[in-house]
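Structure, as structure tokens:
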Amino acid sequence: MSGAPRPAPDEHPELCSLLGAWLLNACSAQERIAMAAHVKHCALCAAEMRDLHPAVTSLTSQPQYEDPAPYADLMAYEDAAAYEDHVSYEIPAGYENLASPDDGSHRSQPLSLPLSSASSTHGDITALAFARRPPAPRHLPPHIRPYADQVATLDAVLRDLAAEEWNTQTVEGWTVAQLVAHLAATDSLLAETLDATARGPLDLPGDTVPARTRAFTSWAVDQPPASVHAAWRTQADLLRDTLVREAAPNTPAAEGPYTPGDRLGLADGPRLTLADHATTRAFETWIHTRDLALHTGRRLPPPTARSLTRMSDLGARQLPFAMRHRGTPLGHRVLHVELTGPGGDTWHLTDPENPSSERPPDTHLVVGAMEFCLLTAARRTPAETAAHTRVTGDTALADAALAAAPAFAGP
Amino acid sequence: MAASHQARPQSGPELTAAVPEDRLEVQARLLAADEDAFREIYERYAPQVRALAARITRDRNAAEDVVQEVFARLWERPLSYDPARGPLRAWLGVVAHHRAVDWVRREERHRRAVERPAPPAHDETADIVTARLEALGVRSAAVRLPEPLRTPLLLAYYGSRTYRQVACDLGIPEGTAKTRLRAALRALAAALAEEGITP
């Protein structure tokens with residue numbers, strides 16, 4: 001209670017009686033504003049609002065809307081035009097009477113909407129929506145789709161922010177603007193590594209992720225939010241286009257081992273394919289979008305299932321390398337990892353130096369794909385994830401695997 | 001790259017596991033600016049949004065504008081839909097209802113301003129809506145509410161009337177209109193809970 005603005009002492013009895021009218025959008029504009037403010041600090045009214053909400057939505061989603069003749073209402077208007085002088089409210093056999101005879105102004109309008117299909121107005125619908133927010137490219141290689149998904153998602157969250165929220169502190173001591181600039185920094189480095197001519201909108205120095213990040217985050221400090229947003233988005237689209245170009249059928253690197261120079265490699269990590277690099281960018285973009293949502297009080301759904309599939313696969317395949325990196329290699333042991341839920345699968349993991357171990361798994365580990373991805377990004381501690389993990393077999397091996405999973409997490 | 005040693009928040013911004021996966025995936029795909037997802041949602045829900053908007057505005061063009069606006073808003077701001085509060089269908093209905101009611105009120109102000117004939121007495125609207133729902137064979141919980149609660153509710157919801165107008169239509173004090181609207185929603189919520197219906 002202490003932090004919230006306190007309601008006026010006599011406000012509740014007056015306003016609580018308005019709750020029904022307010023939920024039905026049946027009060028004045030001033031009352032609407034007063035109620036919206038009131039329910040934010042009145043626990044009683046907030047609880048009642050939650051209880052009554054299903055009743056309101058039931059009115060909008062009554063079963064008749066699910067019937068196979070969704071244009072019944074519009075047919076009623078068409079029919080109503082024939083009842084120009086119809087003054088009684090008798091109900092004929094059909095639905096005709098919904099449109100009550102009134103001043104006639106409505107009936108004078110021709111009803112030209114085709115009743116057989118929604119598609120005739122469909123073009124208009126997408127035109128209005130897409131003018132406000134462009135759609136992602138429709139056809140992308142499947143290993144690039146997750147990056148495009150997460151870029152569009154961050155873009156949607158950034159559009160939702162008020163200007164002052166760009167100064168909100170997030171992770172690593174960065175503001176929202178600096179966090180977005182950090183993403184652009186890494187994106188620019190990868191794009192240039194893939195194609196030296198792929199220069200982004202900012203020509204800033206730095207040959208490593210930390211150095212490039214310092215340049216970008218310093219730049220972002222005194223920039224207006226719109227500039228940071230636009231620079232990141234332009235850079236992201238450039239990287240996407242570069243990835244698509246590199247993945248063209250006549251370039252050999254699409255799914256094979258790919259080493260775009262040391263500066264993006266992970267110490268002790270596996271060699272990453274081009275597809276893996278695209279996945280790491282999707283992964284990091286998602287994780288920082290999530291950071292941003294967390295610090296600005298927004299709730300996000302998990303990434304698209306097709307994104308989680310790629311991210312959890314990369315995280316699982318990197319696990320044996322992460323364990324070597326942490327000094328707890330698998331050796332001759334075999335680890336079964338089963339990730340559940342959207343984006344899940346099962347992996348039979350062995351040490352990179354003993355790739356063909358035929359023995360049965362020493363440990364079987366079952367955890368949600370989303371939970372596992374958060375662990376590999378160091379957004380969960382191993383202990384937190386362990387609480388949601390089912391282990392059979394060698395529990396010490398499971399603990400070592402969970403402890404090593406975040407080994408390659410960076411800023 | 002070393003792991004950050006910064007303290008991490010205990011819980012994330014994820015919607016809880018209690019929210020159905022399909023709702024979350026729909027929102028994730030809208031956030032991802034997935035054109036195919038938008039088209040699927042439009043094909044699936046536009047008819048009912050149009051029907052609701054048409055019922056309230058009683059104007060085809062206005063209803064079409066409401067449909068456009070509702071879907072454009074969903075596309076532009078996918079975060080304004082909260083999957084934890086209900087299915088997308090219900091969100092679309094609520095937004096469409098608000099837009100349609102706003103249109104009706106603007107029209108009424110405009111009509112008064114140019115001294116056109118007054119709209120029909122809206123106390124008849126409730127009877128019409130009730131009768132229509134019954135004609136459709138809908139055993140809706142709203143239709144089965146006792147008359148003193150049902151009429152104000154249907155007037156407010158389908159007739160776009162404010163509680164003051166409801167009071168005027170029915171010749172009851174404003175305070176009574178407010179109380180009945182709230183009581184009607186309570187009764188409806190209780191009836192829905194009893195039937196095990198969640199919207």
Candidates A:Leu397, A:Leu319, A:Leu375, filtered to the one that is away from chain B (no Cβ under 14 Å), open to solvent by less than 30 Å² (accessible area, probe 1.4 Å), within 30 Å of A:Leu179 (Cβ to Cβ) and not β-branched (Val, Ile, Thr):
A:Leu319
Within segment A:340-353, the residues that are open to solvent by 40 Å² or more (accessible area, probe 1.4 Å) and not hydroxyl-bearing (Ser, Thr, Tyr) are A:Gly341, A:Pro342, A:Asp345, A:His348, A:Pro352, A:Glu353
Quick one: which helices (runs of 4 or more DSSP H) lie wholly within segment A:134-239 and hold at least 3 residues that are in contact with a Ser or Thr (Cβ under 7 Å, 6 or more places away or on another chain), open to solvent by less than 10 Å² (accessible area, probe 1.4 Å) and hydrophobic (A, V, I, L, M, F, W, C)?
A:145-160, A:176-194
Among A:Ala398, A:Ala403, A:Ala387, which is touching a strand residue (DSSP E or B) at 6+ places or on another chain (Cβ under 9 Å) and of a type outside the set (Lys, Arg)?
A:Ala398
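Please find, within segment A:10-25, the residue that is farthest from the chain's Cα centre (by Cα) out of those that are of a type in the set (D, E, K, R) and assigned to a helix (DSSP H, G or I).
Filtering first and then ranking leaves A:Glu14.
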Considering segment A:322-332 alone, what residues qualify as being away from chain B (no Cβ under 11 Å) and either crowded, with 21+ Cβ neighbours inside 10 Å or within 28 Å of B:Leu79 (Cα to Cα) (or both)?
A:Met323, A:Leu330
Would you pick out the residues in segment A:285-313 that are in contact with a Ser or Thr (Cβ under 6 Å, 6 or more places away or on another chain), part of a helix (DSSP H, G or I) and open to solvent by 10 Å² or more (accessible area, probe 1.4 Å)?
A:His295, A:Arg310
Any residue that is under 17 Å from the mean Cα position of the chain (by Cα) and over 14 Å from A:Thr57 (Cα atoms) - is there at least one of those in segment B:167-181?
yes
The conditions are (1) open to solvent by less than 50 Å² (accessible area, probe 1.4 Å); (2) among the small types (Gly, Ala, Ser); (3) within 23 Å of A:Pro270 (Cα to Cα); (4) over 22 Å from the mean Cα position of the chain (by Cα), and A:Ala386 fails exactly one of them. Which is it?
(3)
Modelled with pLDDT of 95 or more, open to solvent by 50 Å² or more (accessible area, probe 1.4 Å) and of a type in the set (S, T, N, Q): does that describe A:Thr363?
no
Filter pass, A:Thr395 being touching an Asp or Glu at 6+ places or on another chain (Cβ under 9 Å) and of a type outside the set (A, V, I, L, M, F, W, C)
no
Take segment B:143-168 and flag every residue that is in contact with a Pro (Cβ under 9 Å, 6 or more places away or on another chain) and farther than 15 Å from A:Ser17 by Cβ.
B:Arg161
Return the total of residues in segment B:24-45 being under 21 Å from the mean Cα position of the chain (by Cα), charged (D, E, K, R) and within 8 Å of another protein chain (Cβ to nearest Cβ).
1
For B:Thr125, which of the numbered conditions (1) more than 30 Å from A:Val157 (Cβ to Cβ); (2) at pLDDT 85 or above; (3) open to solvent by 10 Å² or more (accessible area, probe 1.4 Å) fails to hold?
(2)
Out of the residues in segment B:153-196 meeting the condition of being under 22 Å from B:Ala90 (Cβ atoms), more than 7 Å from chain A (Cβ to nearest Cβ) and not small (Gly, Ala, Ser), tell me which one is most open to solvent (accessible area, probe 1.4 Å).
B:Glu194
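The values are calculated or read from the model by the stated rules, or taken from the named source; none is laboratory data. Values in this document were obtained by computation on a predicted structure and should not be read as measured data. Because the Cβ atoms are built from the backbone with ideal geometry, glycine has one as well, and the counts that use them run over all protein chains shown. Note: accessible area is taken over every heavy atom of the protein model, side chains too, but ligands, DNA and RNA are not part of it. Shrake-Rupley method; radii C 1.70, N 1.55, O 1.52, S 1.80 Å.
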